[in-house]
Structure formats: C-alpha cells, structure tokens
Amino acid sequence: MRFTLLLLLALATSASASAQSRRIVPPKKFPIGGSAPSSAQLKIPSDLAARIAQWKPVDMPFSRSVLSARDLEMIDKLVDASRHLDSIYWRQSDPYALTLQAQLKGVHTARDQQILRYLFINGGQYDLLDNNRSFITAEPAPPGRGFYPVDATRESVESYASAHPESRAELYSPYTLVRAMGSDIVGLPYRSAFRAQLIEAAKDLREAAILSDDPDFAAYLQATAEALLNDDYSKSDQLWLSLKSPKIDLIFAPYLVYLDQLLGVKNTYSAAILIRDDEESRKLDLFRQSIPQIQQSLPLDPEDKPAKDAQTSPMEVVDSPFRAGDLLHGYQAVAASLPPVGPVNATSGVSNTGTKKIFFKNFMDARVNHIILPIARKLMDPSQSAAPTANGYLTVVILHEISHDLGPTSARVQGRRVSIREAIGPAYSALEEAKADVTGMYGLHWLIEHNVLPREREPDFDASYLAGILRSVRFGPAEAHARAQLMEFNYLLEKGAITPHAGTLSRGTARVVFAVDYEKLPTAIASLNKELLEIEATGDRPRAEQWFARYSTMPPSLKASLESTKSIPIDIFPKFSWDIPIR
C-alpha cells in the first residue's frame, strides 16, 4: 500500500468541534537542565519501591554449549537488531519518557535508579498496574499514545475518515502514525517515521543472514530487512510460516496492537529470539490434528465458519533468551499467535493465510512457579488449591493460542466483510483475548468428550484455568488479558460455574476463596463462547462495549481477596545475558 504524506484535505467542522470538546491535556515534558539533573524535581509515589517489587526479576539463562560459533555470532547480530526495535517501541509507547530517561542517564542515586527501573519495566511513565496512569504526574495515558496527535479522539479521526474516504486506508493502516498537518490529518508511514532505527536494524538482519547455516532462515531474515523499509510484511510472514522446525527462530515485526486504545489498529514493534525445544514441540501434534473438527463444532452460523485447515499452522515450544519491544515491557507473554489478523480481502473475507503458535517455555515455567501455583494456594478453595499443575496450565495456554485462529476471520457489517479489529475498535484486544480463552476451554472440553484428552485430567485443566484467571485479574482492567479474564470470572460467577467460599481471615477482613463447579463449567463456557463469537462475527461494537461494561468491573469479594496476594509478584521481569540500552 502506498501512502501520501501530504494531503490537502479539509477537516469537517463537526470533527474539529468534537476534537476540541474532548481535548486531552498533553503529557508534560520533563524539564531538562544540567548534565545530570536530580530526580528531586519530580514527584514520585511513596510506594515506588513496592511497585517495582511486584515485578520479580527472573534470570533467563542462555545456553551457548548447544550452538556453533557462527550461531552465536548470528545471535549477537539479532540482539543488536532487536535493540533498535526496542528504541522504536519507546517512541510508540511514550516519547516523553525518553526525555526523562536522558535526564537521569548516568545518575546513581537510589531514587533516580528506581525511576529508571520503573520506566524500563513499563516501557514509559504509564503504570500498567495503576490503570495506565503516569507514576510521575498521575495523568492518564493518552488513548492514542505516540500514534496520534495528542488531542485526537476516536470520534475526530472517524469523522475525518468518513468525510474523506480516500484517506481512510492510510489513517487506519497498522503501519502509520497519524499526524496533524494544519487542519488536516495524514498517515506517516512507519518506514519514514522510524527510518534511522529501521535502517540499522535491517543492516543487522542482513549481516545475521550471511552467518546463518539455514538457507530458509537466512531468506526470512533478508525479507524481513526489506519489510522494515517498505512496511510490507507479506513476504517475510510467508517465509516465517514456511520455516521447517528451525533450530533458531525470530519474531521481528510490528505485530501487537495492545497500546492503541484510540482506534485499536496500530501495531507496535516486537522482537524475540527463539531456540526451539524439539521434544516439547513434538507433543503439540496431539492438538494440531483436532483443530479443524473443533472449528466446525463452534456455535456459529455456517457463513461465519471459514473452511480453514489449521493443521498447517506451525507450532513451536521454545526458550527465548532475549526479547524486546512490546514483548519485553509490561505484561510478560508466555505464548503468541502471529502474524495477527491482517487486512480483509473484500471478496473472500479472508484476512491472512495462517499464523504460527509460539510457546515460550522459559517464561511459562517462571510464571507457573513464581505466580500461578502460589496464587492457587492463596485464592482457591483448599479442596482444589492443589489441582492446578504446570502441565494443566500449559494445556490451557496451548488451546488459547490455537483459538486465536478459530472462529470468524472477518466481520459482517452492513452487507460487507471488514476487519474484526477495525469494526470493534479499542475493545478488540480484550474481546479477542476473551474469545481465545473461552474458545480454548470449549475446545478443551471437546477434546475430552472425543477421548483425545483423558477425562480424569478435566479437574486439573479446569482448576488451572481458574488459577490463570486469578493471576491475570490482578493487573486490573487497563490490561487486555486482565480485562478479558475479569469479564470471564464475573460471567462464570453469575452462572455458578465459579463459586465463592468463606476463607481465612486476613487483616480482620473475611477473605473469600473460589472453586470451580466442574459440572456447570462446560455449559457456562459454551454459552459465553457463543456470545463472544457472535460479537466478532457481526462486528457489533456497541454490543462488545456493553458486554464488557457489564462484566469487567472488579467484584468486592475478589478485590478483598486479592489483598492477601500482595506478597506474590504480579509478574516476572526477565534478566537476559545482554543489556538493552534505551536509545
């Protein structure tokens, strides 16, 4: 797609008025003065050390013994390329935080180091655990982060695009920044906005390709280097999906969309170096062979069930010794389904030709050991608190990632096929995560009913699902996975599939613990799955927003119970063998 940077278009009066009436206060730039100004100029929360402690540092060791000298040299190049994507991510997430980071760089006071540490954890000043409010100014993050003019609103951009349909493609592209040009708004391609970093990243990828002993992987690296400079990832995505059990693999593209809370369409840059675990990867064949049958069993109209053979979707269990960008800062993903859904074909409605499922074993193990199992012991009824297991949780996560590919691939809106993401808007991320959760559990119960998974393991799987919910909701509704699972929790609680029980006393307040009603859960999951799939199939934005407004608030009993988990980290934060300078 080609974009025109300068468009002489008139902004509709109503859109301008809407933007002015909903004007967002720009984030404050931090005062620069002296070579190393003190953080004493800044107000920071008194509990900053406690906030940092909620992210447990965990070593992610890198085993060099199984790799050749050329492999190691290639990985060093991939690390450096990934650092450039991390630099871009900061500009997408919170450009103003770079100013503060530059101020404090090189200082050594404990207070300054705490600020720098929390900036790095969050990828900016906006605290994921405080509803994305700045931990410096307490101001909320702009919904459009660095992707849109600071005073832009969804209404103003949509009104402009409606009045000027010729500009819609570039404004809604996943690969443009929306910028003001006088009274106009235009799409600035990523390849232009981040040219300096992308040129360096592409150079590193090309040098890494020369060092690779795998010609297919080398071709993928070369294609990705080209894609960085032209914003067309179709060729590199296809080469990535066609890799055959690569020993070394790489996620490297603007893929994820969680930061854009204005339109919900802008992709952030991510990178992850992957070392394949062959033994664990082979175990995934058990699930792959049943995917088409699960797809056809979903409670959807036939027109919304694409005849899609997902058996061809590659699935890998890996260790990731290095990550950057949206895969590093904030929420620590233990799995990914990539590439994301792309532009919709107007004729077929099909959005892309497949995804690859990546399961990060080292991150999964850290989450289970440091968070999932301790949470279960605290918040689940004693009769079930030992039921969640690492294998049970892994199974739930595998079905979740598979289910990103299940269900409708596009939405029916006013007689035409459109992207589900574009139709739903900012609620899309939480909706899609919830759909994957619930469709995954629907599929898991289908596998049990069809004797693919042993029925005696059902309590293990269901209890692991609840333990995962109790972990995620601690992030609060600002995080897409947490908002999704909070909605699931409330719905299942309403249907009696999750039941509260009186627990022990904590600080003088009765603490409630929770249990799964094993008999009611499959029926409740099936009914919730039908609702979420229908929302996606119809692209019904008001229905999605109303559904989450109804079910994604924190119930008092759960909020009180979560107080007892303060000694358990919210998430892990990886410590790699390489540093990641902020540039």
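The values are calculated or read from the model by the stated rules, or taken from the named source; none is laboratory data. Since this is a predicted model, take the numbers as computed values, not measurements. Note that each Cβ is placed from the backbone with ideal geometry, even for glycine, and that neighbours are counted across all protein chains shown. Side chains included, ligands, DNA and RNA excluded: accessible areas come from the protein's heavy atoms. Shrake-Rupley method; radii C 1.70, N 1.55, O 1.52, S 1.80 Å.
What Rg and what Dmax come out for segment 179-284 when only alpha-carbon atoms are used, in angstroms?
Reported Rg and Dmax, both Å: 16.4, 58.
In sequence order, what are the phi-derived ³J(HN,Hα) couplings for segment 53-59 according to the Karplus relation 6.51 cos²θ - 1.76 cosθ + 1.60 with θ = phi - 60°, rounded to whole Hz, with x for glycine and proline?
For segment 53-59, the Karplus curve yields 5, 6, 10, 7, x, 9, 5 Hz.
If you take the square roots of the eigenvalues of the alpha-carbon gyration tensor of segment 81-230 and sort them as a ≥ b ≥ c, do you get rounded (a/c under 1.5), prolate (a/b over b/c) or oblate?
oblate
How large is the convex hull of the Cα atoms of segment 366-453 per residue, expressed in Å³ as a whole number?
Convex hull of Cα atoms, per residue: 140 Å³.
Report, please, the projected area of segment 193-348 averaged over directions, based on the convex hull of its C-alpha atoms, in nm².
Values: hull surface 45.6 nm².
It is 11.4 nm².
If you average the alpha carbon positions of segment 380-429 and of segment 166-208, how far apart do those two centres end up, in angstrom?
30 Å
Probe radius 1.4 Å, ligands and nucleic acids ignored: give me the carbon and sulfur share of the accessible area of the chain as a rounded percent.
Roughly 53 percent of what the probe reaches on the chain is carbon or sulfur.
Between ASP277 and ILE52, take the C-beta separation as r, use R0 = 25 Å, and let me know the FRET efficiency to the nearest 0.05. Please report the intermediate quantities before stating the final value.
Working: r = 31 Å, r/R0 = 1.26.
My answer for the efficiency is 0.20.
Sticking to Cα atoms, compute the Rg of segment 429-551 to one decimal and its Dmax as the biggest Cα-Cα distance, whole number, in Å.
Radius of gyration, then largest Cα-Cα span, for segment 429-551: 15.1, 48 Å.
What is the mean projected area of the alpha carbon convex hull for segment 109-150, to one decimal in square nanometres?
Values: hull surface 12.8 nm².
Projected over every direction and averaged, the Cα hull of segment 109-150 covers 3.2 nm².
If you put +1 on each Lys and Arg Cβ and -1 on each Asp and Glu Cβ, how big is the dipole of the chain around its Cα centre, in Debye rounded to 20? Don't skip to the end; give the middle numbers.
Details: 64 positive and 68 negative charges, 299 e Å.
Its charge dipole is roughly 1440 debye.
As a check on your grasp of the helix formula, calculate [θ] at 222 nm for the chain: sum -39500 (n - 2.57) over DSSP H runs of n ≥ 4, divide by the residue count, round to the nearest 500.
Values: 24 runs with 260 residues, N = 583.
My calculation for the chain gives -13500 deg cm²/dmol from helical runs alone.
With a probe of 1.4 Å, find how much accessible area the chain has per residue, and write the answer as a whole number in Å².
Accessible surface, normalised per residue, equals 40 Å².
Which entries in the list LYS244/LYS356; LYS105/LYS266; LYS305/LYS357; LYS378/LYS566; LYS56/LYS356 go over 18 Å, if you measure between the two C-alpha atoms of each? Intermediate results must be reported in sequence, preceding the final value.
On the way: LYS244/LYS356 12 Å; LYS105/LYS266 30 Å; LYS305/LYS357 21 Å; LYS378/LYS566 11 Å; LYS56/LYS356 29 Å.
Checking Cα-Cα distances, LYS105/LYS266; LYS305/LYS357; LYS56/LYS356 exceed 18 Å.
So how exposed is GLU545, as accessible area in Å² (1.4 Å probe, rounded to 10)?
70 Å²
Give the Debye-formula value of log10 I(q)/I(0) at each listed q (0.14, 0.19, 0.26 Å⁻¹), with one equal scatterer per alpha carbon of segment 85-165, two decimals each.
Debye output, listed in q order: -0.54, -0.84, -1.26.
Any chance you could look up the accessible area of MET315 with a 1.4 Å probe, heavy atoms only, rounded to 10 Å²?
10 Å²
Quote the accessible area belonging to LYS247 in square angstrom, nearest 10, computed with a 1.4 Å probe and with ligands, DNA and RNA left uncounted.
Rounded to the nearest 10, the figure is 110 Å².
Would you list the P(r) distribution for the chain, with all Cα-Cα distances sorted into 10 Å bins from 0 and each bin expressed as a whole %?
P(r) over the chain, rounded to whole percents: 3, 17, 28, 29, 18, 5, 0.
Tell me the net charge near LEU259. Cut-off is 12 Å between Cβ atoms, LEU259 excluded, with +1 for each Lys or Arg and -1 for each Asp or Glu.
Values: positive: ARG91, ARG145, LYS266; negative: ASP94, ASP260, ASP326, GLU479.
Residues close to LEU259 contribute a combined charge of -1.
Distance between the C-alpha centers of segment 66-90 and segment 515-583? Whole Å please.
A separation of 33 Å, based on Cα centres.
How would ARG417, ARG471 rank on accessible area, largest to smallest, probe 1.4 Å?
So, going from the largest accessible area down, we get ARG417, ARG471.
Which lysines, on any chain, are close to LYS203 with Cα under 20 Å apart, when same-chain ones fewer than 8 places away are left out?
Reachable lysines: LYS77, LYS235.
Once every Cα of segment 442-513 carries one equal point scatterer and solvent is ignored, give the base-10 log of I(q)/I(0) from the Debye formula at q = 0.17, 0.23, 0.24 Å⁻¹, two decimals.
-0.80, -1.10, -1.13
So what are the ³J(HN,Hα) numbers for segment 569-583, from phi and the Karplus equation (6.51, -1.76, 1.60; θ = phi - 60°), rounded to whole Hz, Gly and Pro as x?
The phi angles translate into x, 5, 7, 8, 10, x, 10, 9, 6, 10, 8, 9, x, 8, 10 Hz.
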